[in-house]
Amino acid sequence: MTKIPIPILIILLLISLQSALASAEAPFASDPAISPDGNEICFVWDNDLWLVPFAGGIPRRITQTPSQEWNPQYSPDGRHIAFSSNRDGQNYLYLMPSGGGEAKVIIRENLGLADWFNDSQNLLCTKYSHRWGTSFYKVPIDGTRPLLLAEIASRFATLSPDNKSIVYQNSGYSRREAYRGSANGELWQVEIATRKYRKLTDTELSELYPRYSQNGNALYYCGSDGENLQLYRVHNLNFKKAQKLSSFSTFSAREISIARKNDRIVFELFDSLYRYDPES
């Protein structure tokens, strides 16, 4: 065990996860996001955003307000972090430099951030309406009007590498890993051009938190084994050949974030942050 002297006591542990899984454990940290190059992690602690190297080190606070910040996500070019905050009295999306600095409102509408488009100029977001419920929108970061993409949506969603389709989580209880029933979590796909929906999984348990790799058309997600949520990977959306990457016996994996260049992963495990490097 290697202890790192940092203000909020992150501890790096080495544990076994088939290959090598190292954990960056930050008690009560949440909403991890990894930079495109896989070298940095942004996360939420004490309602603010912090940065820490993927290899471990001293976290640095990049927001400090009396309000709440959550759900940070790096732009594909690594220049910006988009996140949600209620600092103006409403839940709005904000944009700030990835190294910290001034945060500006993107648009004054209540939108949920799901992913970035490859151009680093548009966000995949969700928005609720009385007509359709929660829907997918393309939201330009320059503040112009959102564009409706698909009527049925979920915030836990990921754009395909070619940005032509979306895989998203429908229903599911992340804290009820053993749940079996009509509200279990399933993964669906929607083609943006045609708005054609396709159910990808059909199991008794739940598949949650999908995240596409940008390398080799792999999709990572958290799936229940009846007791805990484990990390899984599939190629070409072939869920009959899903590869189980973890065997957690006590706690569950949640909130996956994947580096675009090398598939390094950060995720939550029992309200702490863990990392997975496929090259270790």
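The values are calculated or read from the model by the stated rules, or taken from the named source; none is laboratory data. None of the values given here were measured: they were computed from a predicted structure. Cβ: placed from backbone, ideal geometry, glycine included. Neighbour counts: every protein chain shown. For accessibility, only protein heavy atoms count, side chains too; no ligands or nucleic acids. Shrake-Rupley method; radii C 1.70, N 1.55, O 1.52, S 1.80 Å.
The figures follow:
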{"quantity": "Within the range 141-220: Cβ-based charge dipole about Cα centre, in debye rounded to nearest 20 (Lys, Arg +1; Asp, Glu -1)", "calculated": "120"}
{"quantity": "Rounded to whole Hz, the Karplus (6.51, -1.76, 1.60) HN-Hα couplings of the range 51-64, x for glycine and proline", "calculated": "10, 8, x, 4, 6, x, x, 8, x, 10, 6, 10, 10, 8"}
{"quantity": "Placed amide H near Y173: partners under 5 Å, 5+ positions off or other chain", "calculated": "G185"}
{"quantity": "Student exercise, the chain dipole from Lys, Arg, Asp, Glu Cβ charges, in Debye to nearest 20", "calculated": "560"}
{"quantity": "Across K138/K164; K164/K240; K127/K199; K196/K261; K199/K241, pairs whose alpha-carbon gap is larger than 19 Å", "calculated": "K164/K240; K127/K199; K196/K261"}
{"quantity": "Relative contact order of the chain, pairs being alpha-carbon contacts under 8 Å that are 6 or more residues apart, as %", "calculated": "16"}
{"quantity": "Sequence-distant residues sharing a close amide H with L111 (under 5 Å, placed H)", "calculated": "L93"}
{"quantity": "Matching label, Rg/Rh (Cα atoms, Kirkwood Rh) computed from the structure shown, candidates (1) 0.94; (2) 0.97; (3) 1.00", "calculated": "(1)"}
{"quantity": "Computed Kirkwood radius, in angstrom, where 1/r is averaged over Cα pairs of the range 73-174", "calculated": "14.0"}
{"quantity": "HN-Hα J in Hz across the range 158-164 - Karplus 6.51, -1.76, 1.60, θ = phi - 60°, x for Gly and Pro", "calculated": "9, 7, 5, x, 8, 6, 9"}
{"quantity": "Apportionment of accessible area to carbon and sulfur, the chain, percent (1.4 Å)", "calculated": "47"}
{"quantity": "Cα Rg over Rh - the range 166-276, Kirkwood", "calculated": "0.95"}
{"quantity": "HN-Hα J in Hz across the range 143-154 - Karplus 6.51, -1.76, 1.60, θ = phi - 60°, x for Gly and Pro", "calculated": "x, 6, 5, x, 10, 5, 9, 7, 6, 9, 8, 8"}
{"quantity": "Candidates A114, A153, A178: whichever shows maximal mean-square fluctuation once the chain is modelled as a Gaussian network with Cα springs under 10 Å", "calculated": "A178"}
{"quantity": "F270 long-range amide H proximity, modeled H, under 5 Å", "calculated": "S252"}
{"quantity": "Proximal aspartates and glutamates to K104, defined as alpha-carbon separation beneath 19 angstrom and excluding residues fewer than eight positions away on the same chain", "calculated": "D48, E69, D77, D88, D115, D142"}
{"quantity": "Residue-normalised accessible area of the chain, given per residue in Å² at a 1.4 Å probe", "calculated": "46"}
{"quantity": "The range 61-127: mean projected area of Cα convex hull, nm²", "calculated": "4.2"}
